[in-house]
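One structure is given below, encoded as structure tokens.
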């Protein structure tokens, strides 16, 4: 990677007027003027549309500034409506900013949605040449890349078929292959890898990683899939309501994004909502706490102890509790349940739960908590469910002979240590 700046945004903003496409005919404007002069309603307004809502200004991006250097693979993440796709459209010149400026240093190959830039009536081969020409490549340059593009796309039998007859998977395979192989210094992708099958997604990620690390190309990638962000990117920009709220390391950026997604306001204060689905009103979980812990951080083989306070509306027998361990991205890791041998009296009760977390890798997790009773025939009756009952942090002991765990590559479970035995070669 060099210090050469490929993309630079300076105080960029983008404003839209809700309900306004951007222009009207002279006849419509005269009709509106006549209606206003006579004190009547706008005759061109859609049925049921609020007069106040039409033309209301919406700031999709607000003062965004950043610089991306050659060879960087940058992920842009944020909730729906945060301004991610708008930012990519400004960078690719699909639309112009309302304020500020964006500078580019090199040609851009973009995939803002499946099949962007493809003409449905042209064949796959013709679309390859058309996309190359749009990027400023000569026919001979495209000829040199053609076989690589077709082989990578896995659509060779259909390459001379009009792309309007392609499935969505074939569409994205060819579109990605074109964007990845044509001679451009900047590659931009907006959530397109979700369409292809798993094998093709892996091939695309490997290709993009190679483009950034080996070929020195700059990659900009928008996705809600944190796993692919981790695999592809070495930097993350987090957008929220049109503003950049974080710009830095991948893990720190994902944590910033997921705080609002799964309730991690802090690691210890995230008692979540009761679902109410398939539950009765015989028991209500009031609070969950960590006894004797100011901060829920646990090391190595230290068990995780939970104090659950709950209220029972009647006497309950064969009561049990189940905890589901989840990651910050709300992915389920595992489950543990207590024996159905507890007895709850009517009124306030407390139970102490102890979870063996030896197998968990270092990281931050949350727990889903379920209270249920075991029926006479083995059927469970669920009393209450708290989706995010509490959160905790698992830390390593810091022993010098232990690996520094990388959950991005190795996962969240630590399998038992391998045994290694030297043998004679003779």
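The values are calculated or read from the model by the stated rules, or taken from the named source; none is laboratory data. All values reported here derive from a predicted model rather than from experimental measurement. Here the Cβ positions follow ideal geometry from the backbone for every residue, glycine too, while neighbour counts run over all protein chains shown.
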(request) Give the residue that is surrounded by the fewest Cβ atoms within 10 Å (Cβ to Cβ), with candidates limited to residues of the stretch 206-226 that are closer than 20 Å to residue 330 by Cα and in contact (Cβ under 8 Å) with a residue 60 or more places away in the chain. (result) 224
(message) Cβ-Cβ distance below 8 Å, separation of 6 or more or different chains: which pairs start in the stretch 411-422 with a residue that is not assigned by TED's automatic domain parsing to the domain that holds residue 251 and assigned to a loop (DSSP other than H, G, I, E, B) and end on one that is at pLDDT below 80 and surrounded by 10 or more Cβ atoms within 10 Å (Cβ to Cβ)?
(response) 414/405
(request) For residue 130, state whether it is within 26 Å of the chain's Cα centre (by Cα), in a helix (DSSP H, G or I), surrounded by 15 or more Cβ atoms within 10 Å (Cβ to Cβ) and free of Cβ contacts under 8 Å to residues at least 24 places away in the same chain. (result) no
(request) Check whether at least one residue in the stretch 360-382 is on the phi < 0 side of the Ramachandran plot, part of a strand (DSSP E or B) and in contact with a helix residue (DSSP H, G or I) (Cβ under 7 Å, 6 or more places away or on another chain), and report yes or no. (result) yes
(request) Quickly run through the stretch 336-359 and pick out the residues that are under 30 Å from residue 251 (Cβ atoms) and in a strand (DSSP E or B). (result) 336, 353, 354, 355
(request) Name the residue, out of 352, 342, 418, that is surrounded by fewer than 14 Cβ atoms within 10 Å (Cβ to Cβ), over 29 Å from the mean Cα position of the chain (by Cα) and modelled with pLDDT of 85 or more. (result) 352
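A quick yes/no check of all residues on (1) at pLDDT below 75; (2) surrounded by 11 or more Cβ atoms within 10 Å (Cβ to Cβ):
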site	(1), (2)
25	yes, no
29	yes, yes
44	yes, yes
51	yes, no
56	yes, yes
59	no, yes
(message) So for the stretch 294-311 (the condition being part of a strand (DSSP E or B), under 30 Å from residue 418 (Cβ atoms) and free of Cβ contacts under 8 Å to residues at least 60 places away in the same chain), does at least one residue qualify?
(response) no
(request) Among the candidates 5, 77, single out the residue that is under 27 Å from residue 257 (Cα atoms), modelled with pLDDT of 80 or more and touching a helix residue (DSSP H, G or I) at 6+ places or on another chain (Cβ under 7 Å). (result) 77
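Every residue, every condition in (1) modelled with pLDDT of 80 or more; (2) on the phi > 0 side of the Ramachandran plot; (3) in the same structural domain as residue 92 (by TED's automatic domain parsing); (4) buried (at least 19 other Cβ atoms within 10 Å of the Cβ), yes or no:
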| site | (1), (2), (3), (4) |
| --- | --- |
| 151 | yes, no, yes, no |
| 164 | yes, no, yes, no |
| 172 | yes, no, yes, yes |
| 175 | yes, no, yes, yes |
| 190 | yes, no, yes, yes |
| 195 | no, no, yes, yes |
